[in-house]
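Every read-out reported here was derived from the displayed coordinates using simple, explicitly stated rules and does not represent laboratory data. What you see is a predicted model, and the numbers here were worked out from it, not measured in a lab. FYI the Cβ positions are ideal-geometry reconstructions off the backbone, even for glycines, and counts take in every protein chain you see.
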Amino acid sequence: MATIRTQKEIRQRAPIWLTMLLFANLVIMAVDARDRETKQRLIRVWAQAIAAPVQSMSSKVGGASSNLVRQIVNFRGTAVENEQLKQQLSQAELELRNARGAAAENERLKGLLNLKEKTGYDQVSARVIARDSSLWFNTITINQGTSSGISLNMPVITTDGIVGRIIAVSPLTAQVMLITDEKAAAGAVVGQLGQSGALGSVRGLGDAGLVEMRYVSGLEKVEVGDYVLTTGQDGIYPSGLNVGEVVEVKNGTATQAHQIHIKPGARLDQLKEVAVLLYRPPKRSAPEQTLPNVDKVKK
């Protein structure tokens, strides 16, 4: 029985062994087989043919990953570079604004220095360091005071016209009432002093940003666009300083004065530097009194 079983098993397994032997032989032949032209082993050629798609896909995936990483690195580098460029641009703009501001300030200071030649009076240049909270800034504070020779009621001007007068002073600062303040006043003339009879006085209109000229005879010719100068009769401002330009006229009559509104020449809402004139009005001599004749009194 054992012999029969063994032979039976051999017959059953013989095809398997034969198949394995044939496959092994095929493998050996494939390994040893070579291409006629290239003399390369065919198994290597087949392996390369099978691996080619996988390698190609792997290469593409690896290249894409490499490019992605490179782009991320480049994006980060570009972002850092853009931030640096923005900072450099902001710094350059700041330096440009500062340079323009310094140039404008130099021009204003040069203009203030030239005022001495125009007015003929000594002056103190000052910087505006504060202003009140109202819309038209009816008072300002400057950084010069009694230590620089400034005293009460001295006129304050710019190259464009009168600003106001000193109303309070300390050793290092002074307060200036602007001509637009309702309590401010100055003697003025429409046109050239000595050539025009349109004499009067100007006073501020408060938050209107204008000044009003009063007491000008309705018989005098006054037109919009006429310039107004100081007369020097108020004991504060010397004569010939620019007050401003007539912007509105309501004509008067022989018995009624003109109503005149003037836009100040000085840019009161943009004041940065001013000049204080060290001006003191000449003292007015008292009228002479006629003494009685002693001889006649004795008689």
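Remark: spin-label model distance THR253-VAL73 equals 9.5 nm, labels positioned 7 Å along the Cα→Cβ axis.
Need the full-extension length gain, ASN114 to LYS86, defined as separation in residues times 0.36 nm minus the C-alpha distance. One decimal, nm. Each step should come with its number before you reach the end.
Numbers: separation 28, 0.36 × 28 = 10.08 nm, distance 4.18 nm.
Length difference between fully extended and current span is 5.9 nm.
Relative to the current alpha-carbon distance between LEU21 and GLU223, full extension at 0.36 nm per residue lengthens the span by 60.0 nm.
Work the Kirkwood hydrodynamic radius out for the stretch 125-277: mean of 1/r over every pair of different alpha-carbon atoms, inverted, in Å. Could the numbers behind the result be given before it?
Details: mean 1/r = 0.0646 Å⁻¹.
In the stretch 125-277 this quantity evaluates to 15.5 Å.
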